[in-house]
Amino acid sequence: MVTIPPQPWPTGLAETVEPLVRRVLAPNPSPYTFTGTQTYVVGMADGPDCAVIDPGPAEAAHIDAIVAAVAGRTILAIMCTHTHRDHSPAAAPLAALTGAPIVGCAPLMLQVAGPRSDEAFDPTYAPDRVLADGEGMRGTGWTLTAVATPGHTSNHLCFALEESGALFTGDHVMGWSTSVVIPPDGDMGDYMASLEKLMAREDRVYHSAHGAAIEKPRQLVRGMIGHRRQREAQILRLLGESPRPVSGFIPEMYKGLDPRLIGAAEMSVTAHLLDLEKRGAAAHDGAVWRVA
Ligand SMILES: [Zn+2]
């Protein structure tokens, strides 16, 4: 189980996590966000400009805290890793307030995205510029490069801070929990490939949207890959015992689960089953899954 650090959490304060990076915690704690969304302000403390990563929920107190952390610098880009509602809604009001452009992940809106979307998405997100893998933004003393990491969502990007070797991992790899992969937009096969992609990099530290900085990133990612393979093996074993609906996997796979997270656990099992189906290892008759 997750250990929640003691309150009060440092909501609204600009914490310096490394010379080029300030972190501001939004006041939106929940079973899905841990202590809340962490917004990052990237740039030299005494420089003329900066970028804001994952501005978070559109709450006035949080937007005020971001503006305070920016401390008079010009925001060259408001950058979102993805468009879940705890990450991108403050982009539009912050852009309106400061004139900064919104640069980063592609939009993915309920109204236009068809089946690859869900109610957790922010329909207001409208970027001025979408970054492809390897594209980036540069300011005074900082360079941020997009690393495409689909899986948690189809539009997920990480951002690499070239000057320090830090990677802003959004919800792809987090400091408190493994990522939820919610179909149809979330894709387990893509997620695993995006974890392997990080294994091939040599980032020094990860700053994620939720939870503490990750100081041994490859060790954590290796563990996450192993965890998912273990989950997949469990699912195949249970399928081998008897066909069952998604809910029939939960009691054995998630012992002692917070009841508020059962829905998320079922989504994760579904994501594995869809991936296994794609690979020809599982099939379903209606809601009942079986070995293919
Ligand atoms: Zn998310």
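Since every read-out is calculated from the coordinates, none of them should be taken as a lab result. Values in this document were obtained by computation on a predicted structure and should not be read as measured data. So basically every Cβ, Gly included, is an ideal-geometry build from the backbone, and we count neighbours across all protein chains shown.
Positive-end ranking of Leu257, Val17, Ala51 along the dipole of the chain, with charges on Cβ about the Cα centre, is headed by Leu257. Each of the peptides 42-55, 183-196 was scored by the mean count of other Cβ atoms within 10 Å over its residues; in descending order, highest first, they stand as 42-55, 183-196. Between helix 188-199 and the chain there is an angle of about 50 degrees, using the helix long axis and the longest principal axis of the Cα atoms. The calculated FRET efficiency for Glu215 paired with Ala126, based on their beta-carbon distance and R0 = 25 Å, is about 0.10.
So between Ile250 and Lys278, what do we pick up on full extension, going 0.36 nm a residue minus the alpha carbon distance?
In short, 7.9 nm is gained.
Both radii were evaluated on the Cα set of the chain; the Rg over Rh quotient, with Rh as the Kirkwood radius, amounts to 0.98. Averaged over residues, the count of other Cβ atoms within 10 Å places the peptides 62-70, 197-205 in the sequence 62-70, 197-205, highest first. Shown here: region 196-292, whose C-alpha atoms stretch 46, 31, 18 Å along the first, second and third principal axes, sorted largest to smallest. Under 5 Å between amide hydrogens, built in the peptide plane, is the criterion, and for Gly136 it picks out Ala146 among residues at least 5 positions away or on other chains.
Separation of region 115-190 from region 82-105 is 14 Å, based on Cα centroids.
Let a ≥ b ≥ c be the square roots of the eigenvalues of the Cα gyration tensor of region 80-213; is it rounded (a/c under 1.5), or, if not, prolate (a/b larger than b/c) or oblate? Judged from the Cα gyration tensor, region 80-213 comes out oblate (a/c at least 1.5, b/c at or above a/b).
Around Gly226, with a cut-off of 13 angstrom between Cβ atoms, what is the net charge of the other residues, counting Lys and Arg +1 and Asp and Glu -1?
+3
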